[in-house]
Amino acid sequence: MIELINVSFKYTDKLVIKDVSVKWGSGLHLIKGPNGSGKTTICKIISGLLPPDRGYVYIDGVDVYSGESSKILKDVVYVHDKPVILNRSVYDNLILGARLLKRNVNRLKNLVEFFGLYDILDINASELSAGYKQLISLSRAFIVRPRYLILDEPFTNLDTKFRDKVIEYIVKEYRENTVIVATHTTYLDRYADTIRKIHKGKLV
Amino acid sequence: MPYEIWDIAIRSIFISGSASILATTWSIPLGIYLGITNNNLSRIVISIINILIGIPTVLIGLILYLILSRTGPLGFLNLLYTPYAMIIGQSILVTPLVISFVYEVVAGKSIDLIEMLRTFNASRGEMIKILYEEYEDRMWGSAVIGFERALGELGIALMLGGNIRGVTRVFTTTIALEVQKGMYELAIELGVILLILDLLLVSIIRILGWRR
């Protein structure tokens, strides 16, 4: 369970997140809104990457910004809207998260087959197209299979084929976990358990 | 004189090269660490380090002279007027420059990468290692800039080396000496050789970096 209580965040004196209180249990949850509405900020606050100026963020009852959060944050993975790719092979990029979290990479084979990445495993990922980079960035998180997966505009660079595959994967594999997706698109609407709109820093 | 010029050139490269390599061993990890941390304290530290980039070389020379002289706290090491004292001094000179350069690379261009590593619970050590590997060329580029700074400085070389012929005489101290003697032509020649040598070495290092 993710719980935000009266969370506010200021960016250079401008209040971009205003007094947000919300609870998300397991399932697929969407945060929708136009560019610049505060979706990324909320995602980063939930993920423990951006401390709010006011309010509290709890995951499974643990304050994300307290000294006891390190254990729970191992189960929270945030994936950027702009894919973050290391200047290494696709394989190295894919297993990076699992290696850092000291998890096994059992899902790698299935995932590589599912997304059709087998032929490019040895290629330097930084030389690939934006779509492949996004797919690798997402797959890196899928391999870890975190209990809380936070995706920021996951479809921005994906073509229809990859987009449908990602949707299929999320819907099929993540039913028991909590997935929060910040998006301005409607692709996931019919699969979502909850949809919240963000408008001028407020969740409605 | 041609033989002595080669002797001076090799010594200059050895001393400034050693100082730069030594400085990078602590400056690169420290620069990455400050870039990763990127909080108010690290920003204050980097501001101080940026101020220290412009510290006069004679001031570093003077402080180390007082520490390394016979009556100083480290006088028993007998390092004064040796190439080692010059290496220590030049490594201190180069340190803020390398830290600042590395910090800019990490804090300025790697915010998303740092967040990605944090979301996968990477330790500080793992983050430093990955960021170093990712920006290895630029990190060593900072060492090259440090080397250039060390090669061209005079204050430390003169105060800690003493310009002893065949022992601590380097390009800059030789040029200063020749000017004092009124041998301007030789001083200019040495200056040109220093410039060519600097350009040549930096070009070789950069080409090796690109090839890698």
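The values are calculated or read from the model by the stated rules, or taken from the named source; none is laboratory data. These figures come from a predicted structure and were not determined experimentally. When we count neighbours, we look across all protein chains shown, and the Cβ atoms used for this are built from the backbone with ideal geometry, even at glycine.
Being of a type in the set (A, V, I, L, M, F, W, C), modelled with pLDDT under 90 and within 16 Å of A:I46 (Cα to Cα) is not true of A:L151.
Residue by residue, here is whether (1) among the small types (G, A, S); (2) closer than 23 Å to A:D152 by Cα holds:
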residue	(1), (2)
B:V102	no, no
B:G108	yes, yes
B:M116	no, yes
B:S123	yes, no
B:E134	no, no
B:A143	yes, no
B:L151	no, no
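I'd like the full set of residues that are farther than 16 Å from B:I5 by Cβ and either in contact with a His (Cβ under 7 Å, 6 or more places away or on another chain) or at pLDDT 90 or above (or both), limited to the range B:182-199. Once the filter is applied, which keeps residues that are farther than 16 Å from B:I5 by Cβ and either in contact with a His (Cβ under 7 Å, 6 or more places away or on another chain) or at pLDDT 90 or above (or both), the range B:182-199 yields B:G182, B:Y184. Of all residues in the range B:80-111, those that are part of a helix (DSSP H, G or I), touching a residue at least 60 places away in the same chain (Cβ under 8 Å), under 30 Å from B:I164 (Cα atoms) and hydroxyl-bearing (S, T, Y) total 2. For the range B:147-162, the tally of residues that are crowded, with 24+ Cβ neighbours inside 10 Å and of a type in the set (G, A, S) stands at 3. Put simply, of B:R165, B:R138 the only residue that is more than 13 Å from chain A (Cβ to nearest Cβ) and either assigned to a loop (DSSP other than H, G, I, E, B) or surrounded by fewer than 20 Cβ atoms within 10 Å (Cβ to Cβ) (or both) is B:R165. The set of residues in the range B:112-129 that are in contact (Cβ under 8 Å) with a residue 40 or more places away in the chain and within 11 Å of chain A (Cβ to nearest Cβ) comprises B:I114, B:M127.
A:G55 meets all of the listed conditions (1) within 13 Å of chain B (Cβ to nearest Cβ); (2) at positive phi; (3) more than 18 Å from the chain's Cα centre (by Cα); (4) of a type outside the set (V, I, T) but one, namely (1).
Looking at this structure, is A:V20 touching a residue at least 24 places away in the same chain (Cβ under 8 Å), closer than 30 Å to A:D119 by Cβ, away from chain B (no Cβ under 14 Å) and buried (at least 18 other Cβ atoms within 10 Å of the Cβ)? Against the criterion (touching a residue at least 24 places away in the same chain (Cβ under 8 Å), closer than 30 Å to A:D119 by Cβ, away from chain B (no Cβ under 14 Å) and buried (at least 18 other Cβ atoms within 10 Å of the Cβ)), A:V20 does not qualify. The criterion of at least 1 residues that are among the polar types (S, T, N, Q) and touching a Phe, Trp or Tyr at 6+ places or on another chain (Cβ under 9 Å) is met by none of the strands (runs of 3 or more DSSP E) wholly inside the range A:53-166. Looking across A:G97, A:G61, one residue alone is out of contact with any helix residue (DSSP H, G or I) (no Cβ under 6 Å at 6 or more places or on another chain) and not basic (K, R). It is A:G61. The residue pairs whose first member lies in the range A:102-119 and is under 16 Å from A:V144 (Cβ atoms), whose second member is among the polar types (S, T, N, Q) and surrounded by 10 or more Cβ atoms within 10 Å (Cβ to Cβ), and whose beta carbons are closer than 6 Å, counting only pairs six or more residues apart or on different chains, are A:L111/A:S139.
Test A:V204 against the stated conditions and say whether it is surrounded by 14 or more Cβ atoms within 10 Å (Cβ to Cβ), β-branched (V, I, T) and over 21 Å from B:F120 (Cβ atoms).
Spelling it out, it is not the case that A:V204 is surrounded by 14 or more Cβ atoms within 10 Å (Cβ to Cβ), β-branched (V, I, T) and over 21 Å from B:F120 (Cβ atoms).
Scanning the range A:2-32 for residues that are within 17 Å of the chain's Cα centre (by Cα) and on the phi > 0 side of the Ramachandran plot returns a single hit, A:G27. Condition first: closer than 19 Å to B:L93 by Cβ, in a helix (DSSP H, G or I), in contact with a helix residue (DSSP H, G or I) (Cβ under 9 Å, 6 or more places away or on another chain) and charged (D, E, K, R). Can you find one or more residues in the range B:170-193 that meet it? Scanning the range B:170-193, I find no residue that is closer than 19 Å to B:L93 by Cβ, in a helix (DSSP H, G or I), in contact with a helix residue (DSSP H, G or I) (Cβ under 9 Å, 6 or more places away or on another chain) and charged (D, E, K, R), so the answer is no.
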